[in-house]
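A.B. asks: Have a look at the structure that comes next, please.
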Amino acid sequence: MINPTNRQLQQARKVGNFIADGWRYVLPGAWYRMRVPRIMASLTDAELEEAHRRAAYLNRMEQCRPGEEWIRVADFRFPWRARHRHSGYFFPLNHVLRHFCRDYRFSYVFGDLTEEPSVPSFVKCRPVSGGHSNAVVMKLNAVRHFRFINDPVPWESKSPRIVSRNYVYWPKRVRLLERWFGHQACDLGQINAVPDHGHPEWLVPRMSLAEQLKFKFISCIEGNDVATNLKWVMSSNSLAVMPIPEYETWFMEGALRPGEHYVEVKPDYSDLLERMEYYLERPTLAREILDNAHEYVDRFRNPRMELAVSLLVAEKYFRLSGQMENFL
């Protein structure tokens, strides 16, 4: 029997989601709006409190008025003929917005956003900050970013080394290889042929997810924005190793606490071996981080809660832009 590769599995998920998204896309808007009270009523008091807490974190916009360039919900249509259709962004956002009035207006920015938008906009990611933000985070491009696993291998049975298989275009990932490539405690490498950064030896064979799960430590290094593998690593029995994140998505990476949800290392990775050794000598602390990481991940596994939080994020957007009163 031939086992599918990680890329094949992801492609299958994309196809399945595209089919499901297509069905939801043709449903009438009235059907979406009618189900809102039922969705919110299904939450327990504790779930509703958690949903409001997450929505407040994800949407930190200030009061404003809609701009002339903002698009109406009714006019938000899939660009079938466009070269870059961003289906992984469009359909999840459209699915949420159709629960609201057709005449409400909004702004959005698709892709890897690393700067604040000029007006309040729905986005996939944003820079981590503690104050007001025009970047209103929604669960976009989830097929690529939100993958959780059930790891059958306990931490104690894994190799006491760190693994990394990345596309290495960005300085943060280059620094890791410059510092530790070839060290006996590390199995690091890049999987993209170009650029070679003057180090052709960095190019190594791809490694399946199952192979990476044989290691006690897995690096989760940001690229253009967030570290894509962080979600599945935190759902595994391997420790996520990374500097304090600079960007965040629906996963609220900025709310993660070093030493509680992941192993923090310095941005130059100079203390990498020291931090690994610290937890190898303290397996109880390693187990606590894994338990905390699993608990953190669990809040994103419930589809009903995920939709409720999305509705609250959008509701706050339309309310603070003066287009509606509270509806929840």
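The values are calculated or read from the model by the stated rules, or taken from the named source; none is laboratory data. No experiment lies behind these values; they were computed from the predicted model shown. With ideal geometry, Cβ positions are generated from the backbone for all residues, glycine too; neighbour counts draw on all protein chains shown. In case anyone asks, the SASA skips ligands and DNA or RNA and just uses the protein heavy atoms, side chains included. Shrake-Rupley method; radii C 1.70, N 1.55, O 1.52, S 1.80 Å.
A.B. asks: Taking the chain as the reference, fit the longest principal axis to its C-alpha atoms, fit the long axis of helix 283-298 to the helix C-alpha atoms, and give the angle between the two in degrees, 0 to 90, nearest 10.
C.D. replies: Value to nearest ten degrees: 20.
A.B. asks: On to the next question. Check Tyr108: other-chain or 5+ apart residues with amide H under 5 Å from its amide H, H built from backbone geometry?
C.D. replies: Under 5 Å from the amide H of Tyr108: Phe122.
A.B. asks: Sticking with this one: So if I place +1 on the C-beta of Lys and Arg and -1 on the C-beta of Asp and Glu, and nothing else carries charge, what would the dipole magnitude of the chain be about its Cα centre? I want it in debye, nearest 20.
C.D. replies: 1400
A.B. asks: Could you tell me the ratio Rg/Rh of the chain? Both radii from Cα atoms, Rh via Kirkwood.
C.D. replies: 0.99
A.B. asks: Same structure again: Cα axis of helix 29-41 to longest principal axis of the chain: angle in degrees, 0 to 90, nearest 10?
C.D. replies: Tilt of helix 29-41: around 70 degrees.
A.B. asks: Quick one: dipole size for segment 222-328, taken about the Cα centre, charges +1 on Lys/Arg Cβ and -1 on Asp/Glu Cβ, in debye to the nearest 20.
C.D. replies: The dipole magnitude comes to about 440 debye.
A.B. asks: A follow-up question, please. Add +1 for every Lys or Arg and -1 for every Asp or Glu among the other residues with Cβ under 14 Å from the Cβ of Phe100, and state the total.
C.D. replies: +4
A.B. asks: What list of ³J(HN,Hα) values in whole Hz, one per residue of segment 137-147 in order, does the Karplus curve 6.51 cos²θ - 1.76 cosθ + 1.60 (θ = phi - 60°) give from phi, with Gly and Pro shown as x?
C.D. replies: Computed from phi, the couplings for segment 137-147 are 7, 10, 7, 10, 6, 5, 4, 7, 9, 10, 10 Hz.
A.B. asks: Sort 124-131, 296-303 for me by packing, meaning the mean count of neighbouring Cβ atoms within 10 Å per residue, highest on top. Write down the numbers at each step before the final one.
C.D. replies: Working: 124-131: 17.2, 296-303: 14.9.
Taking the mean over residues of other Cβ atoms within 10 Å, the ranking is 124-131, 296-303.
A.B. asks: In a GNM of the chain with a 10 Å cut-off on Cα contacts, which of Gly182, Gly88, Gly254 has the highest mean-square fluctuation?
C.D. replies: Among Gly182, Gly88, Gly254, the largest GNM mean-square fluctuation belongs to Gly182.
A.B. asks: Still on this model: Using the alpha-carbon atoms, what tilt in degrees (0 to 90, nearest 10) does helix 303-320 show relative to the longest principal axis of the chain?
C.D. replies: Value to nearest ten degrees: 60.
A.B. asks: Taking a probe of 1.4 Å, how large is the accessible area per residue of segment 162-307, in Å²?
C.D. replies: 42
A.B. asks: Same structure again: Count of lysine pairs in the chain with Cα atoms under 23 Å apart, counting only pairs 8 or more residues apart in sequence or on different chains?
C.D. replies: 19
A.B. asks: Listed highest first by mean packing, meaning other Cβ atoms within 10 Å per residue, what order do 37-47, 276-286 come in? Each step should come with its number before you reach the end.
C.D. replies: Numbers: 37-47: 11.8, 276-286: 14.1.
Per-residue Cβ counts within 10 Å, averaged per peptide and sorted highest first, yield 276-286, 37-47.
A.B. asks: A further question on this structure: For the chain, what is the mean residue ellipticity at 222 nm derived from helices alone (per DSSP H run of n ≥ 4: -39500 (n - 2.57); sum divided by total residues; nearest 500 deg cm²/dmol)?
C.D. replies: Values: 11 runs with 125 residues, N = 328.
Estimated from H runs of four or more residues: -11500 deg cm²/dmol.
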